[in-house]
1. Output yes when any residue across region 78-95 is within 23 Å of Leu19 (Cα to Cα) and touching a residue at least 24 places away in the same chain (Cβ under 8 Å), and no when none is.
2. Taking the condition touching a Ser or Thr at 6+ places or on another chain (Cβ under 9 Å), more than 30 Å from Glu196 (Cβ to Cβ) and open to solvent by 10 Å² or more (accessible area, probe 1.4 Å), does Leu74 pass?
3. State whether the residues of region 97-113 include one that is within 19 Å of Arg221 (Cβ to Cβ) and either small (Gly, Ala, Ser) or not in a helix (DSSP H, G or I) (or both).
4. If Arg10 satisfies all but one of (1) surrounded by 11 or more Cβ atoms within 10 Å (Cβ to Cβ); (2) within 14 Å of the ligand (Cβ to nearest atom), what's the number of the condition it fails?
5. Kindly establish whether Arg69 is open to solvent by 80 Å² or more (accessible area, probe 1.4 Å), closer than 20 Å to Ala112 by Cα and away from the ligand (no atom under 16 Å from the Cβ).
6. Taking region 120-130 on its own, how many of its residues are part of a helix (DSSP H, G or I), open to solvent by 10 Å² or more (accessible area, probe 1.4 Å) and more than 11 Å from the ligand (Cβ to nearest atom)?
7. Check Ile113, Ile117 and return the single one that is within 15 Å of the ligand (Cβ to nearest atom), in contact with a Phe, Trp or Tyr (Cβ under 6 Å, 6 or more places away or on another chain) and either open to solvent by 30 Å² or more (accessible area, probe 1.4 Å) or under 16 Å from Trp55 (Cα atoms) (or both).
8. Among the candidates Ile71, Ile26, which residue alone is part of a loop (DSSP other than H, G, I, E, B) and in contact with a helix residue (DSSP H, G or I) (Cβ under 7 Å, 6 or more places away or on another chain)?
Amino acid sequence: MWGSLWDADRKHSISHPKLYPETAIIVPSMTDGLSYDQSLFPALDALSHAMESIWNRNAGPESDALAVRAIEALSRALGGGYAERFAEPAVRKAVQDASVDAGLAISRTRTAIAHSISYPFTARLGVPHGLACSFTLPEVLKLNGAHSPERGLLIAEALGAASVDEAVSRLDALYAALGVPARLAAAVGSRRKVAELEAAFIAPGRAENNVAPVDQAGAERLIAASLSRLGVA
Ligand SMILES: [Fe+2]
């Protein structure tokens, strides 16, 4: 039930039950012409939606089930040579279905800290949304897994890992295979540019949904750790 309005450099969210669509048309072949990046970034956004709805104060059995199914499917599709296979009809359908599941999950919980952090990256540096809201996922998983082990393990198991630590390693390997580090470095520029933003990374209505409390300093620590994790100089 949400829409976005972009001011010069700010994102405004609008929210109303009347914004729920009456009909959604989900046809994988309508994405046939999209490039790898145009296919990758929304898939990463879907992964972020699924994980953010699990480490969320508003999570419930319904959103958990949808999110776990989305993570399992995205893990299979993105981990199975996505850079070479993204245009295959079966892969497009799997990612699109997972995106719908993740969207249904996030529509029940709202987003959390990874999205809160993402907005200045998109508004001020032009980082594509799906990249901006996913580059912190390994660090946020570490933080939230330590705070809420049960939430962390739910995500880890959906990623096919036995522990949060193993899940973080899997995400690192997945991001490397997908070419995320190079794309993030190209989009962000440098860590100095991020520091110079002096942006507010705590967006009301989003950050406080996160199971572990995160303030501006905590968000800056997550960003610094994520940028060095992904090799942004
Ligand atoms: Fe998103």
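1. Here is the first cut: in region 78-95, the ones within 23 Å of Leu19 (Cα to Cα) are none.
No, region 78-95 has no match at all.
2. Numbers: touching a Ser or Thr at 6+ places or on another chain (Cβ under 9 Å): yes; more than 30 Å from Glu196 (Cβ to Cβ): yes; open to solvent by 10 Å² or more (accessible area, probe 1.4 Å): no.
When the stated conditions are applied, Leu74 does not pass them.
3. The first filter runs over region 97-113 and keeps only residues within 19 Å of Arg221 (Cβ to Cβ), leaving 112-113.
Within this subset, residues satisfying the condition of being either small (Gly, Ala, Ser) or not in a helix (DSSP H, G or I) (or both) are 112.
Yes, that holds for at least one residue.
4. Condition not satisfied by Arg10: (2).
5. On the way: open to solvent by 80 Å² or more (accessible area, probe 1.4 Å): yes; closer than 20 Å to Ala112 by Cα: yes; away from the ligand (no atom under 16 Å from the Cβ): yes.
Yes; evaluated as a whole, the condition is true for this residue.
6. Restricting attention to region 120-130, the residues satisfying the condition of being part of a helix (DSSP H, G or I) are 120-125, 129-130.
With the extra rule that they be open to solvent by 10 Å² or more (accessible area, probe 1.4 Å), the set shrinks to 120, 122-125, 129.
From what is left, the residues that are more than 11 Å from the ligand (Cβ to nearest atom) are 120, 123-125.
The number of residues fulfilling the criteria is 4.
7. On the way: Ile113 fails: in contact with a Phe, Trp or Tyr (Cβ under 6 Å, 6 or more places away or on another chain).
Sole residue among the options that is within 15 Å of the ligand (Cβ to nearest atom), in contact with a Phe, Trp or Tyr (Cβ under 6 Å, 6 or more places away or on another chain) and either open to solvent by 30 Å² or more (accessible area, probe 1.4 Å) or under 16 Å from Trp55 (Cα atoms) (or both): Ile117.
8. On the way: Ile71 fails: part of a loop (DSSP other than H, G, I, E, B).
Matching residue, one of Ile71, Ile26: Ile26.
The values are calculated or read from the model by the stated rules, or taken from the named source; none is laboratory data. A quick note: this is a predicted structure, and the numbers were derived from the prediction, not measured. Methodologically, a virtual Cβ is constructed for each residue, glycine included, from the backbone with ideal geometry; neighbour enumeration extends over all protein chains shown. Heavy atoms of the whole protein, side chains included, go into the accessibility calculation; ligands, DNA and RNA do not. Shrake-Rupley method; radii C 1.70, N 1.55, O 1.52, S 1.80 Å.
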